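In what follows, a structure is listed as structure tokens, so that the remarks can point back to it.
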Amino acid sequence: MTTSVDVKDGAGDAKKAPAKDPWDLPDVSGLVVGVLGGTGDQGRGLAYRFAKAGQRVIIGSRAAERAHTAAEELGLGIEGADNAECARRSDVVIVAVPWDGHAKTLEALREELTGKLVVDCVNPLGFDKKGAYALKPEEGSAAEQAAALLPGSRVTAAFHHLSAVLLSDPEIAEIDTDVMVLGEARADTDVVQALAGRIPGMRGVFAGRLRNAHQVESLVANLISVNRRYKAHAGLRVTDV
């Protein structure tokens, strides 16, 4: 619910300050975006899209050589580095590592990520003969685990529901989807929303605090089922906003 603050003019009459326009987002064109796990499918696709939109991008990997190779293959001025250097040199750091390496990666980079805006897009999923299903981390979600492991960072959650196939396809000009953005501070979620909006066809939509991240991460299991049944690359659109 939007709230406003009462102020008084010179005559002493109470007036309400105008509510902030939710679509008044900051200019993020000058920010350096780092992608931890940037050699994986999702991280590589995000790096490509942000670089194509004009963002300066650094791909991170446990092995710097792998990151350099991926960066050269993608072009667009993308740089490669090991995860620690990627974290140090970036203004915004996207975490796109596999779930089974999530905690270990963040624990190792706690110092480098201190003070950084971290965007967690990891989906804790399991797979069996029935298909994909959501896992429930002890902290509640991957994003909440990141917040617990990185007390000195500003952790948000976003970019969970994107098709790596579509992100990486140079023949696709626009990514037709909304991005659910979660976090504790409006200034931080505004930045992430603005970054999402840099990619043609994409829009960032605020979706609550980190305590609501579990259901956003879990929905990927449903989208995987949709994609398998309909041979699609499904995304999401939020109506009436």
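For this structure, a couple of remarks:
- Annotation: lysines with alpha-carbon distance below 20 angstrom to residue 130 (same-chain offsets under eight excluded): 231.
- Normalised contact order of the chain, rounded percent, pairs of Cα under 8 Å and 6 or more residues apart: 16 percent
- Oblate is the label for region 113-173. Its Cα gyration tensor axes, ordered a ≥ b ≥ c, give a/c of at least 1.5 and b/c at or above a/b.
- Most fluctuating residue given options 98, 18, 151, as computed from a GNM of the chain linking Cα atoms under 10 Å: 18
- Taking Cα atoms only, the orientation of helix 186-197 departs from the longest principal axis of the chain by about 50 degrees.
- Helix 213-230 and the longest principal axis of the C-alpha atoms of the chain enclose an angle of approximately 50°.
- Spacing of the two label points (7 Å from each Cα toward its C-beta) at residue 129 and residue 173, in nm: 4.7 nm
- Ordered from longest to shortest, the equivalent ellipsoid semi-axes for region 195-241 are 21, 17, 9 Å, each the square root of 5 times a Cα gyration tensor eigenvalue.
- Overall, the anisotropy analysis places region 52-167 in the oblate class: the square-rooted eigenvalues a ≥ b ≥ c of its C-alpha gyration tensor yield a/c not less than 1.5, with a/b not exceeding b/c.
- 29 Å Cα-Cα reach of residue 20 towards lysines, excluding residues that sit fewer than 8 places from it in its own chain: 8, 116
- Note on residue 99 and residue 148: their simple-model spin labels are 1.5 nm apart, each label 7 Å out from Cα toward Cβ.
- Prolate/oblate/rounded label for region 99-218 (Cα gyration tensor, a/c 1.5): oblate
- Rotationally averaged projected area of the chain (alpha carbon convex hull; nm²): 15.2 nm²
- Each Lys or Arg adds one and each Asp or Glu subtracts one; over the other residues with Cβ under 13 Å from the Cβ of residue 234, this totals +2.
- Extending 7 Å from the Cα toward the beta-carbon at both residue 187 and residue 88 defines two label points whose distance is 2.6 nm.
- Once C-alpha pairs closer than 8 Å and six or more residues apart are averaged by separation and normalised to the residue number of region 42-155, the relative contact order reads 20 percent.
- Proximal lysines to residue 136, defined as alpha-carbon separation beneath 20 angstrom and excluding residues fewer than eight positions away on the same chain: 104
- The chain: most fluctuating residue of 37, 77, 183 per GNM, C-alpha cutoff 10 Å: 77
- Rounded to 5, percent antiparallel among DSSP beta bridges of the chain: 25 percent
Laboratory data are not the source of any read-out in this text; all were calculated from the coordinates shown. Here the structure is a predicted model, which is why all the values come from computation and not from measurement. Note that each Cβ is placed from the backbone with ideal geometry, even for glycine, and that neighbours are counted across all protein chains shown.
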